[in-house]
1. So which of 38, 20 ends up being at pLDDT 95 or above and under 9 Å from the mean Cα position of the chain (by Cα)?
2. From the set of residues in the stretch 41-54 that are under 16 Å from the mean Cα position of the chain (by Cα) and free of Cβ contacts under 8 Å to residues at least 12 places away in the same chain, which is nearest to residue 5 (Cα to Cα)?
3. Look at residue 82 and say whether it is at pLDDT below 95 and outside any helix (DSSP H, G or I).
4. Take the residues in the stretch 64-78 that are free of Cβ contacts under 8 Å to residues at least 40 places away in the same chain and over 16 Å from residue 13 (Cα atoms), then tell me which one is surrounded by the fewest Cβ atoms within 10 Å (Cβ to Cβ).
């Protein structure tokens, strides 16, 4: 059971990384950012169903932290209307 939870938490972490790469990378668009936020919302729902145990706490907490940071980055990127530094608004 714990191994399955660890695998699930690791899969969620991998999915969050993919979302951030595709939707909050160097070239950003409002549409892509919005899609990324929607996918993060879906992940949050599935992550809420996972009940960590002593053996899985680290992996689950890392996924939760990644979700929070990723969501914050996407929300911040959504508010930015101009190209700044090395991020381009497409």
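The values are calculated or read from the model by the stated rules, or taken from the named source; none is laboratory data. Remember, it's a predicted structure, so these values are computed and weren't measured experimentally. Neighbour counts run over all protein chains shown; Cβ positions are idealised from the backbone, glycine included.
1. The conditions single out 20.
2. Among them, the one singled out is 48.
3. Working: at pLDDT below 95: yes; outside any helix (DSSP H, G or I): yes.
Considered against the rule, which asks whether it is at pLDDT below 95 and outside any helix (DSSP H, G or I), residue 82 comes out as yes.
4. Of the residues in the stretch 64-78, the ones free of Cβ contacts under 8 Å to residues at least 40 places away in the same chain are 64-65, 68-69, 71-72, 75-76.
Among the residues that remain, those that are also over 16 Å from residue 13 (Cα atoms) are: 75-76.
Details: 75: 13, 76: 11.
If we take residues in the stretch 64-78 being free of Cβ contacts under 8 Å to residues at least 40 places away in the same chain and over 16 Å from residue 13 (Cα atoms), then 76 is surrounded by the fewest Cβ atoms within 10 Å (Cβ to Cβ).
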